[in-house]
1. Scanning for something modelled with pLDDT of 95 or more and of a type outside the set (Gly, Ala, Ser), does the stretch 147-156 turn up at least one residue?
2. So which residues in the stretch 134-148 are surrounded by 15 or more Cβ atoms within 10 Å (Cβ to Cβ) and either assigned to a loop (DSSP other than H, G, I, E, B) or within 14 Å of the ligand (Cβ to nearest atom) (or both)?
3. State all residues of the stretch 41-71 that are aliphatic (A, V, I, L, M) and either over 13 Å from the mean Cα position of the chain (by Cα) or part of a helix (DSSP H, G or I) (or both); if no residue qualifies, say none.
4. Assess whether residue 59 counts as being modelled with pLDDT under 95 and surrounded by 17 or more Cβ atoms within 10 Å (Cβ to Cβ).
5. In the stretch 6-22, is there at least one residue being modelled with pLDDT under 95, aromatic (Phe, Trp, Tyr), farther than 14 Å from residue 126 by Cβ and touching a Lys or Arg at 6+ places or on another chain (Cβ under 7 Å)?
6. Could you tell me which residue of the stretch 138-155 is nearest to residue 27 (Cα to Cα), considering only residues that are touching a helix residue (DSSP H, G or I) at 6+ places or on another chain (Cβ under 8 Å) and among the aliphatic types (A, V, I, L, M)?
7. Can you confirm whether residue 116 is in a strand (DSSP E or B), over 15 Å from the mean Cα position of the chain (by Cα) and closer than 23 Å to residue 65 by Cα?
8. If you take the residues in the stretch 101-123 that are modelled with pLDDT of 95 or more and charged (D, E, K, R), which one is surrounded by the fewest Cβ atoms within 10 Å (Cβ to Cβ)?
Amino acid sequence: MAHREAGGGGSPFGGSDSTEIGPIVVPASELARRVRELGAEITEDYRDRAPLLVSVLKGAFVFASDLSRAIRLPVEMDFMAISSYGMATKSSGVVRIVKDLDQDLTGRHVLVVEDIVDSGLTLSYLRRSLLARNPASLEVCALLVKDGQQRIPLDLRYVGFHVPADFVVGYGLDVQERYRNLPDLRVFLGEGS
Ligand code: PRP
């Protein structure tokens, strides 16, 4: 991947912390292109079914918003928040439900929309939790998969990009709640990365 700007890193939105933000990993234009492709693929695969998009907050909110508009079907959306304990930037493997779904999943065609799969522990937990609610089907669409980080096998139906194991921010991904609104996916160079 490793798209880089002329002149190296940048200061996308200025501010005193801007030196924390490094080169672009995936530019906004490439994210948009891939999201359109994924939307078309999902539209084709689910053409006789109305999928329920289950988005995992907070990081997936940008991707889910764009992906839903790239799917030409009557989708429904629901949200769940599963957070690692603490503010550590590395996955601890310990998760908790911050917000549960509003909808009953029984008989629904559930498509989980995740922003990033790192260790895979969050997704593993989520899959077990959702399958116990008897959906008609359960698939996963992950925008980003970090290379070489998964400790367990994952069944990912749709993947946007495989990215290096750098700490990345932007397009919904944060560090301590900042940088989610950066349009490009970028390397985070600051403390804790
Ligand atoms: C991120 C991301 C995934 C999870 C992936 O969430 O959104 O849910 O980590 O990590 P894993 O594969 O190692 O389990 P985070 O806990 O940072 O919360 P956020 O989405 O609110 O930023």
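The values are calculated or read from the model by the stated rules, or taken from the named source; none is laboratory data. Everything numeric here is computed off the predicted structure, so don't read it as measured data. So basically every Cβ, Gly included, is an ideal-geometry build from the backbone, and we count neighbours across all protein chains shown.
1. Going residue by residue through the stretch 147-156, those that are modelled with pLDDT of 95 or more are 156.
Filter once more, so that each one left must be of a type outside the set (Gly, Ala, Ser): 156.
Yes: the stretch 147-156 contains one or more residues that are modelled with pLDDT of 95 or more and of a type outside the set (Gly, Ala, Ser).
2. Restricting attention to the stretch 134-148, the residues satisfying the condition of being surrounded by 15 or more Cβ atoms within 10 Å (Cβ to Cβ) are 135, 138-146.
If the condition is that a residue be surrounded by 15 or more Cβ atoms within 10 Å (Cβ to Cβ) and either assigned to a loop (DSSP other than H, G, I, E, B) or within 14 Å of the ligand (Cβ to nearest atom) (or both), then 135, 140, 141, 142, 143, 144, 145, 146 are the ones that fit.
3. If we filter the stretch 41-71 for residues that are aliphatic (A, V, I, L, M), which is where we start, we get 42, 50, 52-54, 56-57, 60, 62, 64, 67, 70-71.
Those that are aliphatic (A, V, I, L, M) and either over 13 Å from the mean Cα position of the chain (by Cα) or part of a helix (DSSP H, G or I) (or both): 42, 50, 52, 62, 64, 67, 70, 71.
4. Details: modelled with pLDDT under 95: yes; surrounded by 17 or more Cβ atoms within 10 Å (Cβ to Cβ): yes.
Yes.
5. no
6. Within the stretch 138-155, the match that is nearest to residue 27 (Cα to Cα) is 143.
7. Details: in a strand (DSSP E or B): yes; over 15 Å from the mean Cα position of the chain (by Cα): no; closer than 23 Å to residue 65 by Cα: yes.
So residue 116 does not fit the description; no.
8. Ranking the candidates gives 102 first.
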